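A.B. asks: This is the structure I have questions about; it appears just below.
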Amino acid sequence: MTPFLDYRMSSINLRKPLVIDLLRHGFSVANAAGRYSNIVDEPLDPSAYADLTRLNKILDDFKYDRAYSSPYQRCLETAKFLVGDRGLKIEQIAAIREMAHGPWDGLRPQDIARIYPQEWQTWRECPDRLTLPGRETLQEVQDRALPWFKGLVEEAEETRVLVVTHEVVMRVILANFLEIPLSRVRQAIKIGNLKIYRLDFAQASPLIWELHIPCPR
């Protein structure tokens, strides 16, 4: 029995014998501290490797043809753990890097809510409307990540592809295929560490499945 659960069917009309696993990195040092992190490229927290071991057992029979990763340590370490012994080159893709957090970088949500109360409320309720100096908008993240992902779908000759990236990047990519407006992505698309969305393009319309490895903390 497959551990993947049918999530939703997209209306995008494509035919390609292609399966892409879109994966959020493992539990990081920044996650453990509960803070936003971009400027400081922080690695995985040591506790992440137990979760990765569990995920690796589930994915053991799924042989990837190619692997892509955000250049950040937490993504590269995740990708290397999962496919490093399979002889695959992990290609680093700047287009799927972490969102630039601007003045929020290094802060915890409770700190942001105290220092930037109005902006924090906007981010929680209308995330597509938030603009801050030095901080990327959701639209800007989608504008760099989605063209690369669509290019992968159109051009990939490999049939099984792993893409390791970040929460916001996954949300804006999935929003396109699930036809969810950016204003609703925080509420509609929940992405914990090591959550996979499998996009299966084998049918006339791609199917999107989800798998989440619970990370007890």
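No lab work stands behind these numbers, since they all come straight from the coordinates. Keep in mind that this is a model prediction, so the values were computed, not measured. Here the Cβ is made from the backbone with ideal geometry for all residues, glycine too, and neighbour counts use every protein chain on show.
A.B. asks: Filter the range 40-75 for residues that are buried (at least 21 other Cβ atoms within 10 Å of the Cβ) and either in contact with a strand residue (DSSP E or B) (Cβ under 6 Å, 6 or more places away or on another chain) or of a type in the set (Lys, Arg) (or both) and give the result.
C.D. replies: Passing the criteria: LEU44, ALA67, TYR68, SER69, SER70, ARG74, CYS75.
A.B. asks: A further question on this structure: Would it be correct to say that GLU119 is farther than 27 Å from ASP200 by Cβ, assigned to a loop (DSSP other than H, G, I, E, B) and without any contact (Cβ under 8 Å) to a residue 40 or more places away in the chain? First the steps, then the outcome.
C.D. replies: Details: farther than 27 Å from ASP200 by Cβ: yes; assigned to a loop (DSSP other than H, G, I, E, B): no; without any contact (Cβ under 8 Å) to a residue 40 or more places away in the chain: yes.
Spelling it out, it is not the case that GLU119 is farther than 27 Å from ASP200 by Cβ, assigned to a loop (DSSP other than H, G, I, E, B) and without any contact (Cβ under 8 Å) to a residue 40 or more places away in the chain.
A.B. asks: Now a separate question. With the requirement that a residue be among the polar types (S, T, N, Q) and farther than 21 Å from PHE27 by Cα, what does the range 154-174 give you?
C.D. replies: Once the filter is applied, which keeps residues that are among the polar types (S, T, N, Q) and farther than 21 Å from PHE27 by Cα, the range 154-174 yields only THR159.
A.B. asks: Can you confirm whether ARG144 is touching a residue at least 40 places away in the same chain (Cβ under 8 Å) and among the basic types (Lys, Arg)?
C.D. replies: yes
A.B. asks: Looking at the structure I just gave you, is GLY106 of a type outside the set (Phe, Trp, Tyr), surrounded by fewer than 17 Cβ atoms within 10 Å (Cβ to Cβ) and assigned to a helix (DSSP H, G or I)?
C.D. replies: Judged against the criteria, GLY106 is not a match.
A.B. asks: Identify the single condition in (1) in contact (Cβ under 8 Å) with a residue 40 or more places away in the chain; (2) touching a Leu at 6+ places or on another chain (Cβ under 6 Å); (3) among the aliphatic types (A, V, I, L, M) that ILE189 does not satisfy, given that it satisfies every other one.
C.D. replies: (1)
A.B. asks: Which one of GLN139, GLN121, GLN92 is of a type in the set (S, T, N, Q), under 18 Å from LEU23 (Cα atoms) and out of contact with any Cys (no Cβ under 7 Å at 6 or more places or on another chain)?
C.D. replies: Criteria check complete, one pass: GLN92.
A.B. asks: Another question, then. Yes or no: the range 76-91 includes at least one residue that is loosely packed, with under 14 Cβ neighbours inside 10 Å, free of Cβ contacts under 8 Å to residues at least 40 places away in the same chain and closer than 24 Å to LEU174 by Cα.
C.D. replies: yes
Okay, residues lined up against (1) small (Gly, Ala, Ser); (2) in contact with a helix residue (DSSP H, G or I) (Cβ under 6 Å, 6 or more places away or on another chain):
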{"residue": "LEU52", "(1), (2)": "no, yes"}
{"residue": "SER69", "(1), (2)": "yes, yes"}
{"residue": "LEU76", "(1), (2)": "no, no"}
{"residue": "PHE81", "(1), (2)": "no, yes"}
{"residue": "ALA94", "(1), (2)": "yes, no"}
{"residue": "ASP105", "(1), (2)": "no, no"}
{"residue": "ASP111", "(1), (2)": "no, no"}
{"residue": "LEU138", "(1), (2)": "no, yes"}
